[in-house]
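The values are calculated or read from the model by the stated rules, or taken from the named source; none is laboratory data. Values in this document were obtained by computation on a predicted structure and should not be read as measured data. Note that we place each Cβ from the backbone using ideal geometry, even for glycine, and neighbour counts take in every protein chain shown. Ligands, DNA and RNA are excluded from the accessible area calculation, which covers all protein heavy atoms including side chains. Shrake-Rupley method; radii C 1.70, N 1.55, O 1.52, S 1.80 Å.
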Amino acid sequence: MLPQQTPEFSGFQIAAHSSPAIAVGGDFYDFIPLGQERLGVVVGDAVGHGIAAALLMTMTLTDFRSIAPRETAAAAVLNSINRRLAQGMRTRKFVTSIYAVLDRANHRLTCAMGGMQPWLVKAKSGECVPIEPPGARFPLGASGKSVYQSCDIEMERGDALVFFTDG
């Protein structure tokens, strides 16, 4: 289910790596084309291990791929996926995730986060700054009442972003 290669997106260098602890797991990432000037990036972790986590990951990735192209705001994507997961879960399963949109034309990153560790921006000055968007503490699917918010970051040549999971 993970991309076999990273996309070409002019003005950005993109790299990705996954090393699951077991053959099948719930950690995931994906790149979602959003037209010529925008690229969606999703990183996440479905709770648990093995086949159950992989199935939840597959369902969540499918939701991202179908919802992200129709929504313009990163938070709206997470809010939609959260409602779908919360309504569909009979057990206490959830997903932590970051969804970001790279905007090449405006040199901006818009992101929303649900339950993940803060991610890092390394500015060209060498300073690493942890970023945690507002409302980011609750995993997707844990409560249909959770509301996620977006934050914007101006990107400058030489800045680096690091998204990660525990896997």
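Summed over the stretch 1-50, residues that are surrounded by fewer than 12 Cβ atoms within 10 Å (Cβ to Cβ) and part of a helix (DSSP H, G or I) total 0. Filtering the stretch 1-56 to residues that are closer than 21 Å to L161 by Cα, in contact with a strand residue (DSSP E or B) (Cβ under 8 Å, 6 or more places away or on another chain) and of a type in the set (G, A, S) leaves A16, S18, G40, G44.
May I ask you to list pairs of residues, at least six apart or on different chains, whose Cβ atoms are under 7 Å apart, with the first in the stretch 35-59 being within 15 Å of G114 (Cα to Cα) and the second being part of a helix (DSSP H, G or I)? Correct list of pairs: V42/F64; G44/T60; A46/A53; A46/L56; A46/M57; A46/T60; V47/A53.
Look through the stretch 144-158, keep the residues that are under 18 Å from R84 (Cβ atoms) and either β-branched (V, I, T) or surrounded by 14 or more Cβ atoms within 10 Å (Cβ to Cβ) (or both), and return whichever of them is nearest to the chain's Cα centre (by Cα).
Our first condition is that a residue be under 18 Å from R84 (Cβ atoms); within the stretch 144-158, this holds for 144-148.
So of that shortlist, the ones also either β-branched (V, I, T) or surrounded by 14 or more Cβ atoms within 10 Å (Cβ to Cβ) (or both) come out as 146-148.
On the way: S146: 17, V147: 16, Y148: 13 Å.
Looking at the filtered set, the residue picked out is Y148.
Among the residues of the stretch 136-154, just one is farther than 15 Å from P118 by Cβ and modelled with pLDDT under 85, namely G144.
Using the structure shown, decide if A73 is aliphatic (A, V, I, L, M), in contact with a Pro (Cβ under 9 Å, 6 or more places away or on another chain) and either closer than 27 Å to G158 by Cα or without any contact (Cβ under 8 Å) to a residue 24 or more places away in the chain (or both). Answer is no for this residue.
One line per residue, one yes/no per condition, for (1) at pLDDT 90 or above; (2) open to solvent by less than 10 Å² (accessible area, probe 1.4 Å); (3) under 19 Å from L55 (Cα atoms):
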{"position": "Q87", "(1), (2), (3)": "no, no, yes"}
{"position": "R90", "(1), (2), (3)": "no, no, yes"}
{"position": "Y99", "(1), (2), (3)": "yes, yes, no"}
{"position": "A105", "(1), (2), (3)": "yes, no, no"}
{"position": "T110", "(1), (2), (3)": "yes, no, no"}
{"position": "M113", "(1), (2), (3)": "yes, yes, no"}
{"position": "P118", "(1), (2), (3)": "no, no, no"}
{"position": "V121", "(1), (2), (3)": "no, no, no"}
{"position": "K124", "(1), (2), (3)": "no, no, no"}
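Within the stretch 151-167, which residues are within 20 Å of A16 (Cβ to Cβ) and not small (G, A, S)? The answer is I153, M155, D159, L161, V162, F163, F164, T165, D166.
Of all residues in the stretch 51-76, those satisfying the criterion of being surrounded by fewer than 22 Cβ atoms within 10 Å (Cβ to Cβ), of a type in the set (G, A, S) and over 15 Å from the mean Cα position of the chain (by Cα) are A52, A54.
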